[in-house]
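A.B. asks: I'd like to ask some things about the structure below.
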Amino acid sequence: MSAQVDFYELLGVERTADGATIKSAYRKLAMQCHPDKNPGCKESEAKFKAISHAYDCLKDDQKRAAYDRFGHAAFENGGPGGGGFNGGGAGFSDLGDIFETIFGSGAFGGGGGRGRQQQRRGADLRYDLEVSLEEAFTGKSQEISIEVSASCDDCDGSGATPGTGAKSCTTCGGHGQVRAQQGFFVVERTCPSCHGAGKVIESPCRSCRGEGRVDKPKTLSVNIPAGVDEGTRIRLTGEGEAGARGAPAGDLYIFVHLKRHRVFERDGTTLFCRAPVSFTTAALGGEIEVPGLDRELVKIKIPAGIQSGKQLRQRGEGMPALNARGSRGDMVIQIDVETPTRLSAKQKELLQAFRETETGEECPASSGFFSKLKDMWDDLG
């Protein structure tokens, strides 16, 4: 199969496809033309190598960006702008490499000295977890199931067929880097053959195709602390994708999302709710009970004469503060005075008698309003 065939065409995906789509397409094709399923078929073996090469490029953001811009030339003869590479290399795209070559890699806070590049750790992963407000209040432990790249059991993560190993890279002579002449400068780049490892695998493991990792389902126990809020991020170190050929694994990040609650709204550690009360309770005062998230009843005293929309604050009855043991926010209750719509004859009679005794001083706001209207009309007259 020609090495110049477009990588996206090889995998049968659009150029705008995301990483998950590319991975899915690759796995489907790899299962179809894997050498184990097509023993002795040279065409299948060639296609398998081609799609593996394409996927190796497109799954890496930096390699993909270079390929999208320069095509196959990004990985040939030192890449774009290349010229005069001794044993391959990459393009002249980073001034940092030039200064590191002249002054040494330690001149700009680097590790000092040249040598093999450290193996790149596995990718970090994200998992979105939805919890109820009650669960965010008390905290919980929950198991989650994910599919993640893990170390290959057959080769113990080395990427090599059991019984074989890796040999020194002939492109860079085992140094992990190659040099190129750029005018008056000598530029060092990561070796394109061994990707900085200094070694290449002679006989790749068939199970992981030399990657040292395979996709496996995994079940993890996640501890959700009390007080988590929308967008809280929980980090599980080393539970991300395994690094290639024994490199360290990435991390798994759990992003917490809160379900909508039937009664309460939340703002940080403050809980807010609306409580309807009868107009008699509003006029005479009284007490109501609001169920808290800890299943305890919170008693709220209603002062006589309270108006609709008034908010009452109950200290220490809100959400717990994250990672602050014993500290809780407040609960804010907005009082909504409800006007009765179904009155008995006796109730109507009592209200009528009350109205006949009104002097206007019972409701200063309304009497003041109508007094202002009267004065306005008098002024107009």
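The values are calculated or read from the model by the stated rules, or taken from the named source; none is laboratory data. This one's a predicted model, so the numbers in the text were calculated from it and none came from an experiment. Methodologically, a virtual Cβ is constructed for each residue, glycine included, from the backbone with ideal geometry; neighbour enumeration extends over all protein chains shown.
A.B. asks: Looking at region 1-54 only, could you name the residues that are more than 30 Å from residue 124 (Cβ to Cβ) and touching a Ser or Thr at 6+ places or on another chain (Cβ under 9 Å)?
C.D. replies: 32, 33, 35, 37, 38, listed by residue number.
A.B. asks: In addition: Here is a list: 136, 123, 65, 73. Which entry is part of a helix (DSSP H, G or I), closer than 30 Å to residue 223 by Cα and modelled with pLDDT of 65 or more?
C.D. replies: Among 136, 123, 65, 73, only 136 is part of a helix (DSSP H, G or I), closer than 30 Å to residue 223 by Cα and modelled with pLDDT of 65 or more.
A.B. asks: Right, next: Going residue by residue through region 253-276, is there one that turns out to be in contact (Cβ under 8 Å) with a residue 40 or more places away in the chain, within 47 Å of the chain's Cα centre (by Cα) and farther than 28 Å from residue 140 by Cα?
C.D. replies: yes
A.B. asks: So, one more: Determine the pairs where a residue that is touching a residue at least 60 places away in the same chain (Cβ under 8 Å), located within region 46-68, has a partner that is of a type in the set (Gly, Ala, Ser) with Cβ atoms under 6 Å apart, the partner being 6 or more residues away or on another chain.
C.D. replies: Qualifying pairs under 6 Å: 67/74.
A.B. asks: In region 287-341, which residue that is hydroxyl-bearing (Ser, Thr, Tyr) and within 16 Å of residue 274 (Cα to Cα) is farthest from the chain's Cα centre (by Cα)?
C.D. replies: 339
A.B. asks: For residue 266, state whether it is assigned to a strand (DSSP E or B), of a type in the set (Lys, Arg) and surrounded by 17 or more Cβ atoms within 10 Å (Cβ to Cβ).
C.D. replies: yes
A.B. asks: Going residue by residue through region 205-226, is there one that turns out to be part of a strand (DSSP E or B), within 20 Å of residue 324 (Cα to Cα) and not polar (S, T, N, Q)?
C.D. replies: The answer is yes; a qualifying residue exists.
A.B. asks: So, one more: Do any residues in region 11-38 that are under 16 Å from residue 208 (Cβ atoms) and touching a residue at least 24 places away in the same chain (Cβ under 8 Å) have Cβ atoms under 7 Å from those of residues that are among the basic types (Lys, Arg) and surrounded by 13 or more Cβ atoms within 10 Å (Cβ to Cβ), where the two are at least six apart or on different chains, and which pairs are they?
C.D. replies: Filtered contacts from region 11-38: 23/59; 36/206.
A.B. asks: Can you find, within region 6-42, the residue that is nearest to the chain's Cα centre (by Cα) among those that are hydrophobic (A, V, I, L, M, F, W, C) and surrounded by fewer than 13 Cβ atoms within 10 Å (Cβ to Cβ)?
C.D. replies: 20
Each row is one residue, and each column tells you yes or no for (1) at pLDDT below 80; (2) hydroxyl-bearing (Ser, Thr, Tyr); (3) not assigned by TED's automatic domain parsing to the domain that holds residue 49.
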| position | (1), (2), (3) |
| --- | --- |
| 179 | no, no, yes |
| 193 | yes, yes, yes |
| 197 | yes, no, yes |
| 207 | no, yes, yes |
| 215 | no, no, yes |
| 219 | no, yes, yes |
| 224 | no, no, yes |
| 250 | no, no, yes |
